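The values are calculated or read from the model by the stated rules, or taken from the named source; none is laboratory data. Fair warning: this is a prediction, and the values are worked out from it, not measured in the lab. Cβ sites come from the backbone with ideal geometry, for glycine too, and all protein chains shown count toward neighbours.
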Amino acid sequence: MKIVAVTSCPTGIAHTYMAAEALEQAAHAAGHEILVETQGAAGADPVPPAEIAAAQAVVFAADVEVRDRARFAGKPLVEASVKSAINDAAALIAKAEAAAAAAPAVASGAAPAAFPAAAVSGGSGGAEGVTLKGVGTRLRTWLMTGVSYMIPFVAAGGLMIALAFMFGGAVVKFKVVGGTYEGHTYAAITDYSKLLGQAGWAGVMFEIGNVAFSMLVPILAGFIAYAIVDRPGIVPGIVSGLIASLVGAGYLGGLIGGLLAGGVVYAIMKLRLPRFLSALMPVLIIPLISTVIVGGLMFLVVGEPVAAAQRGLTSWLNGLSGTNAALLGAVLGLMMAFDMGGPVNKVAYSFGLAGLASGNLTVMAAVMAAGMTPPIALALATVVRPKLFTPAERKAGNAAWLLGASFITEGAIPFAAADPLRVIPSLMTGSAVTGALSMQFGATSRAPHGGIWVIGLIGHPVQYIIALLAGILVSAGCVIGAKHIRRRPVTDSADAGSADADAAAPSATPVPVG
Amino acid sequence: MTDTTELILPEFVLLGLEAPDRHAATRRLAETLVASGRVTDLDGFLADVRAREAQMPTGIEGGIGIPHARSAHVTVPSLAFGRSDAGIDFGADDGPAHLIFLIAAPDGGDAAHMRILAALARRLVHESFRGALLEAPDPQSVVDIVTKEVLAR
């Protein structure tokens, strides 16, 4: 078997090389070929792309972010700390064997030219985690790292909420968080010892999902920062995500917060401090200073514009209502799909709720349909064109069917956060179609939530489903089309700028990881 | 190997190194480097080592501790070696370290320097290298073993 490995450690003078040697010994002892890239202070000699393409398994023994990990995308991967490679390299090699065996056959010779040389930051980069090469590639790697940690929360939380709606109907939400539904006003549960008694098992499930969902944005932000600067990024990243949630900035706010946190920590780590302070860096200075700066920016710079934008959008929507129904539906659709649970989405959703309260049931129907479209469209796209998506995204796609059907728009966030410029406009287009058609058909909804599980409360259900399907097809088509834009077959590596490096990597017959 | 001088000199070898903890042990070894002018500021260098140690203990299984740092207070890449019969805790899972390697790298060290340290690190995982160091009768033998194993590569 052929294995490629990367070792790296914070200082880059000891563990990186010890791990490399240990892996080489263990691999040879087990009769494998191995090529190790040591990303240490002596400079990394990048593993040639052809070797990566030919390898059946990849081992990362790294305590800092592996540089240019996009090169290894789609390969069966084993990740461990450098120390575990030094202490028990044989076990890691055995895991690599297992990972390779579990993966479908790798198409050997998968177009080495698909890995542009520009993506390989060679030379004597030193032990710094960040280089300036291939900012586009790196940005995508950072976002994907955050997304990959977020996906389990989306799946766990979203599916719990969906199941709660399936078993308890849309009323479950109101029994837990309070509000008026079908003429009955429920009090929010504040004493959780009464959760089961007041809201039933479906209520408990809803709340579990709700709590898991509250971690979406913090985890996204925290692990984006983690991808940039390793462990020191987690504190300011997660705090920025919590604040993004608090000020209602949604996942786009968290995305900004995570990048901000990574950048601030990176800048602090670059500071040359007097020596009596440098020992305090990891435990005190970096967490404290970075959190103060990032938290302050999130509250003062991100928070207020978000609130102002929401006020502006709300009054604009109020002006639109009563003009053209289909136009209003299209606008609501655009808003629902823009940030999935973020500030713009919330304005549209609140507009739907206000319509519901005043007896205008068509707006609610359009809003709900437009919010169901994105996850389903993405799920469809991952099935139709799996090769356009990473293994993590394809897994997220499996859950997205049910999430979309349950009007849990957040199911689309992993895709949108990983590739916002292509995914968000595509989703907005389809949701606009759905929203406009739903309004045009005069579909109504007496339920403010629940998705397909409250179809009994929908007026003109058949037309409603037609509106949904139309938007789903449009969005899926746009996503596939947009993702193809960067996937023009790359024959000349000179054409493939570093920003496109990510594009080519997944094309090498993606193989599920783990 | 022209400009790199010796990585290790007999003065940097402490065969009866006993210390209450890893910081004291590191300080004893670092003092040998200060005495020869390879480390210009003892406390500054130790702070850098400590910062690295705080990220994750450097002890590894097999009774080895590798306190190390890249530091502005280091002039020449150097190795100080201590052997402790009682053992000194370096945070490894399987007990204290008997072989302690203090690796001092200059902050802006060039690739040639770093490659020597990389070669040293690679030798550390070899059973034979460790065994020879455990058996070495005197400091000069340690220097000979390191020089032969590391620089021959």
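Observations
- Criterion violated by B:Asp21 - all others in (1) more than 13 Å from chain A (Cβ to nearest Cβ); (2) touching a Pro at 6+ places or on another chain (Cβ under 8 Å); (3) surrounded by fewer than 23 Cβ atoms within 10 Å (Cβ to Cβ) satisfied: (2)
- Residues that are modelled with pLDDT of 85 or more, within 30 Å of A:Lys346 (Cβ to Cβ) and surrounded by 14 or more Cβ atoms within 10 Å (Cβ to Cβ) do occur in the range A:274-290, at least one of them.
- Selection within the range A:167-207: residues that are among the aromatic types (Phe, Trp, Tyr) and farther than 23 Å from A:Phe153 by Cβ. The member of this set that is surrounded by the most Cβ atoms within 10 Å (Cβ to Cβ) is A:Phe174.
- Odd one out for A:Leu437 among (1) crowded, with 24+ Cβ neighbours inside 10 Å; (2) free of Cβ contacts under 8 Å to residues at least 40 places away in the same chain: (2)
Results for (1) under 17 Å from B:Arg130 (Cβ atoms); (2) within 12 Å of chain A (Cβ to nearest Cβ); (3) surrounded by fewer than 23 Cβ atoms within 10 Å (Cβ to Cβ), shown as yes or no for each residue.
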position: B:Thr26; (1), (2), (3): no, no, no
position: B:Leu29; (1), (2), (3): no, no, no
position: B:Ala51; (1), (2), (3): no, yes, yes
position: B:Met56; (1), (2), (3): no, yes, yes
position: B:Glu61; (1), (2), (3): yes, yes, yes
position: B:Arg70; (1), (2), (3): no, yes, no
position: B:Leu79; (1), (2), (3): yes, yes, no
position: B:Gly91; (1), (2), (3): no, yes, yes
position: B:Gly95; (1), (2), (3): yes, no, yes
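- Residue list for the range B:27-62, filter: in contact with a Phe, Trp or Tyr (Cβ under 9 Å, 6 or more places away or on another chain) and closer than 24 Å to A:Lys83 by Cβ: B:Leu29, B:Ala30, B:Ala47, B:Glu53, B:Pro57, B:Thr58, B:Gly59, B:Ile60
- Restricted to the range A:184-227, and to residues there that are among the aromatic types (Phe, Trp, Tyr) and touching a Lys or Arg at 6+ places or on another chain (Cβ under 7 Å), the residue that is farthest from A:Gly250 (Cα to Cα) is A:Tyr186.
- In the range B:118-144, the residue that is surrounded by the most Cβ atoms within 10 Å (Cβ to Cβ) out of those that are within 9 Å of another protein chain (Cβ to nearest Cβ) and farther than 16 Å from B:Leu9 by Cβ is B:Ala121.
Yes/no per residue for (1) within 19 Å of A:Thr11 (Cβ to Cβ); (2) in contact (Cβ under 8 Å) with a residue 40 or more places away in the chain:
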position	(1), (2)
B:Ser71	yes, no
B:Val76	yes, yes
B:Arg83	no, yes
B:Gly87	no, no
B:Pro96	no, no
B:Ile100	yes, yes
B:Ala104	yes, yes
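- Of all residues in the range A:52-80 being assigned to a helix (DSSP H, G or I) and not β-branched (Val, Ile, Thr), the one that is farthest from the chain's Cα centre (by Cα): A:Ala54
- Test: B:Ser84 is among the hydroxyl-bearing types (Ser, Thr, Tyr) and away from chain A (no Cβ under 12 Å): yes
- Restricted to the range B:68-153, the set of strands (runs of 3 or more DSSP E) holding at least 1 residues that are polar (S, T, N, Q) and modelled with pLDDT of 85 or more comprises B:68-71, B:78-88.
- Enumeration of residues in the range A:28-57 that are more than 26 Å from A:Tyr226 (Cα to Cα) and in contact with a Leu (Cβ under 9 Å, 6 or more places away or on another chain): A:Ile34, A:Pro48, A:Glu51, A:Ala55
- Across the range A:16-51, the number of residues qualifying as more than 9 Å from chain B (Cβ to nearest Cβ) and outside any strand (DSSP E or B) comes to 17.
- Identity of the residue in the range A:3-15, more than 7 Å from every other protein chain (Cβ to nearest Cβ) and at pLDDT below 90, that ends up surrounded by the fewest Cβ atoms within 10 Å (Cβ to Cβ): A:Ser8
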